[in-house]
Amino acid sequence: MGITLTGKKIKETYEGLLKLSDNNPIEISYKKVTDGYGNETALGLSVDGVTCDKIYSTQTIAQIDAELDTIVPNKKWVLDNNAAPTSFVSLTDTFSSMPSRAHGMLRVNNSGTAIESVHSHYDFACGDETSNLSVGNVSNIQFPYAMESFLYSAFTVTTAPTGTPIVIDMLLNGVSVYSGSARPTIDIGATSSLNGSVSASFVGNTFNIAQGDVLSVNVTQIGSSNAGIALKAFLTYNANYIA
């Protein structure tokens, strides 16, 4: 606790009182706070705010470090292991050499010599997990944002078809995305279109989805003995963005 001014006269204590540097009232512009002798403090005042030239902390370095550790996890490890680099690796690939203008993710390869494109995936169920498949439309998805460069599709079931294979078509705004007459097929006894007897490719090898487009999955053939159960779609694409 400080010393009281009770019983003191101004002429006896003015040197310890704080005032503004020009002895005038506070204004819009900053003025230094001084003592009665005119010695400036680090504090400045205006009607809008406060300035301070320097702030002293009564905390010890250990206390400050402990607080920083709660803000920056593993700060000590970062400081101890953040050595300056001794060498740099030149990347031989550039963004312009990529096959598409946009990618979901990019990474440096294991040897540190090239940039790789890492595709993103869009997967969804085309029905429930217990009902037999039937011929017809099994999924319609309207996209709230654009998705670019779909490159690959695959389909699976949990119960394989018997008698005849499952044949699937995928349509963008009512038009098939596949070229020619070949469509993804899940062979008799198989649970995936991967490595199936029929190979289907996209028109132009890729397609884009604009905001508001509808992607539909139609089953055009089911197993004649066991239809197949729990159809799912797996798509690979390069990038998505808000249109």
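The values are calculated or read from the model by the stated rules, or taken from the named source; none is laboratory data. From a predicted model like this one, the values you see are computed outputs, not experimental measurements. With ideal geometry, Cβ positions are generated from the backbone for all residues, glycine too; neighbour counts draw on all protein chains shown.
Side notes on the structure shown:
- Residue within the stretch 146-157 that is in contact (Cβ under 8 Å) with a residue 24 or more places away in the chain, assigned to a loop (DSSP other than H, G, I, E, B) and surrounded by fewer than 18 Cβ atoms within 10 Å (Cβ to Cβ) present: no
- Test: residue in the stretch 199-218 that is crowded, with 18+ Cβ neighbours inside 10 Å, more than 28 Å from Ala146 (Cα to Cα) and in the same structural domain as Gln142 (by TED's automatic domain parsing): no
- Count - residues of the stretch 136-147 that are out of contact with any Cys (no Cβ under 9 Å at 6 or more places or on another chain) and either of a type in the set (A, V, I, L, M, F, W, C) or farther than 27 Å from Asn195 by Cβ (or both): 8
- Number of residues in the stretch 169-191 that are buried (at least 16 other Cβ atoms within 10 Å of the Cβ) and either more than 25 Å from Gly204 (Cβ to Cβ) or not hydrophobic (A, V, I, L, M, F, W, C) (or both): the value is 10.
- Restricted to the stretch 1-84, the set of helices (runs of 4 or more DSSP H) holding at least 1 residues that are modelled with pLDDT of 75 or more and in contact with a helix residue (DSSP H, G or I) (Cβ under 6 Å, 6 or more places away or on another chain) is empty.
- Residue check for Ser179: free of Cβ contacts under 8 Å to residues at least 60 places away in the same chain and farther than 20 Å from His119 by Cα: yes
- Residue check, Ile166 within 19 Å of Ala125 (Cβ to Cβ), buried (at least 17 other Cβ atoms within 10 Å of the Cβ), free of Cβ contacts under 8 Å to residues at least 60 places away in the same chain and out of contact with any Cys (no Cβ under 9 Å at 6 or more places or on another chain): no
- The residues of the stretch 203-233 that are modelled with pLDDT of 95 or more, part of a strand (DSSP E or B) and not β-branched (Val, Ile, Thr), listed by number, are Leu215, Ser216, Asn218, Gln221, Asn226, Lys232, Ala233.
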